[in-house]
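What follows is calculated from the coordinates using simple rules that are stated; it is not laboratory data. Just so it is clear, the structure is predicted and the values come from calculations on it, not from any experiment. Glycine gets a Cβ as well: all are built from the backbone with ideal geometry, and neighbour counts include every protein chain shown.
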Amino acid sequence: MVLVGDTGAIYIPELPRARSSSDRLRGLRLVHTHLNDALLSQEDLMDMLFLRLDSVSVLTVDGMGAPVSFQSAHILPVPSEDGASYNVHEATSWEKVDIDFEAQTEALEEELARTADSARKQSGSEHAVLVSVSTQPKDVQESHLNELAELADTAGVSVAGKLVQRVHQVNHKFIMGRGKLAELEILCLQGNASMIIFDGELSPAQLRNLTEVTERKVIDRTQLILDIFAQHATTRAGKLQVEMAQLQYALPRLVGKNRAMDRLMGGIGGRGPGETKLETDRRKVRDRIARFKKELAALRKQRAYARDRRNKARVPVAALVGYTNAGKSTTLNALTNSTVLAENKLFATLDPTTRRLRFPEERELILTDTVGFIRNLPKELREAFRATLEELEAADLLLHVADAGHPELEKQIAAVERILEDMELHEIPTTLILNKWDTLDEEQQEALTHLYPNAIHIAAKSRLGLDELSQVIIDRIDWERGLVI
């Protein structure tokens, strides 16, 4: 099939679905004429990358229209030593051109398929490219992408590449410019990525536009976190809260069939573009949200009764809070000799876990472990997990567990404090616990001791500092309850 365009554009009809595969080229070779001696331009190469063309070639002609020289370029299956994502051949005389384009394309696709197959065997999981487009400094963006990579790993997704772009103003339509979109396409092609994950939250329009232009599954940070919560929810309450958060996220994004929503919504909103059908889907989602809110309200009442019973028995309550994966569940297990699930993953714990902590003086208190926090906690999750986080309101003492060895320690502590303030919990007495103290050298320990002089230093896994922590907990609660003068 030969497609002929004019000086302005060329119309490309719909291509076979097989050509949408992440390890295949488009099945199109572009050859165009320059009416001067100019060879392949940067715009030509961007077109090749952006459209995933088999190759792009240029033919120059003289003043009489006779062919003079020829130059071609093609995508590379893996980046070259200098980081280039394409190969540009030297221009040659028209009469000396001897390129078998079909064999070249077949060889490229074989290499792409081999790379993809090798990546699948190594990880056995879905591959994604992580993207940050922001007005923030690049080091901040890279730090955020590292956290996003941890979230992707928790969700069972392998990171095939990362793309960072600092902009003065975010593109409201595609969030990034045409050149970066072409670079993103190559990253996905070379890494066999079927998914693109954006740090931050995409608007419904951006999500739809990016899905259409990249022909890949596009999700944002909020949706990734919702996916992780859905995987980890085990109790009826946890599943209710997660599904309600998912539906609240999905409602403004119901615009007909969109592959970007397949992972999250299942059949809802993905069954046809008809306006009547769309309104029906929206009404069903609203009805389910209303039903879940009633069930969660009943759950909150049940937990309120349990809290009242504890208050009447005058049993003090201490609640563990902190950034996700700081070691809250490990601390709970170490203090109470429990076997609560504790993994080196983000959001391993969703449902509140309550255990009794007994002291030698025949005293006891209730120790509660809650869901971990994270920067920019999605608003849908805050509302859905109110029933869980209300456990914190009844606490006599908050135990803020932080990972002392994390490079972003100060930012994580600040993020938790900000969330507690947003939830109007900042007036509850709080004790800072620096966990994983044994991962630091003496110089680092001295610096953190100076920075946080009132913090308790522990290593929950090796039980370092637990006796001191237990005494601090009981002393603080006695002081707050007026038992110590």
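Summing +1 for each Lys or Arg and -1 for each Asp or Glu, what net charge is found among the other residues whose Cβ lies under 13 Å from the Cβ of Val31?
Numbers: positive: Arg29; negative: Asp44, Asp47, Asp54.
Surrounding charge for Val31 is -2.
Show which aspartates and glutamates lie in cross-link reach of Lys461 when reach means a straight Cα distance below 16 angstrom and same-chain residues fewer than eight apart are skipped.
Correct list for Lys461: Glu343, Asp403, Asp438.
Across the range 165-180, in residue order, what do the Karplus-derived ³J(HN,Hα) couplings come to in whole Hz, using 6.51 cos²θ - 1.76 cosθ + 1.60 with θ = phi - 60° and x for Gly and Pro?
For the range 165-180, the Karplus curve yields 9, 9, 10, 6, 8, 6, 5, 5, 8, 10, 6, 9, x, 4, x, 5 Hz.
In a shell of Cβ-Cβ distance under 12 Å around Leu49, excluding Leu49 itself, what net charge do Lys and Arg (+1) and Asp and Glu (-1) give? If you can, show how the numbers build up before the last one.
Values: positive: Arg26, Arg52, Arg178, Lys180; negative: Glu43, Asp44, Asp47, Glu183, Glu185.
Net of charged neighbours comes to -1.
Between their Cα atoms, which of Lys217/Lys379; Lys173/Lys217; Lys239/Lys301; Lys239/Lys379; Lys217/Lys436 are more than 29 Å away from each other?
Values: Lys217/Lys379 23 Å; Lys173/Lys217 17 Å; Lys239/Lys301 18 Å; Lys239/Lys379 17 Å; Lys217/Lys436 38 Å.
Cα-Cα > 29 Å for Lys217/Lys436; rest within.
So how do 330-337, 367-374, 410-417, 293-300 stack up, highest first, on mean other-Cβ count within 10 Å? Let's see the in-between values first.
Details: 330-337: 19.9, 367-374: 23.6, 410-417: 18.0, 293-300: 14.0.
In descending order of packing, they fall as 367-374, 330-337, 410-417, 293-300.
Please label the shape of the range 139-203 as rounded, prolate or oblate, based on the square roots a ≥ b ≥ c of the eigenvalues of the alpha-carbon gyration tensor (a/c under 1.5 means rounded; beyond that, a/b larger than b/c means prolate, else oblate). Could the numbers behind the result be given before it?
Details: a/c = 1.81, a/b = 1.24, b/c = 1.46.
Verdict is oblate for the range 139-203.
Students often check this: by mean Cβ neighbours within 10 Å, which of 241-250, 40-49 ranks highest, and how do the rest follow?
Numbers: 241-250: 22.6, 40-49: 17.2.
Per-residue Cβ counts within 10 Å, averaged per peptide and sorted highest first, yield 241-250, 40-49.
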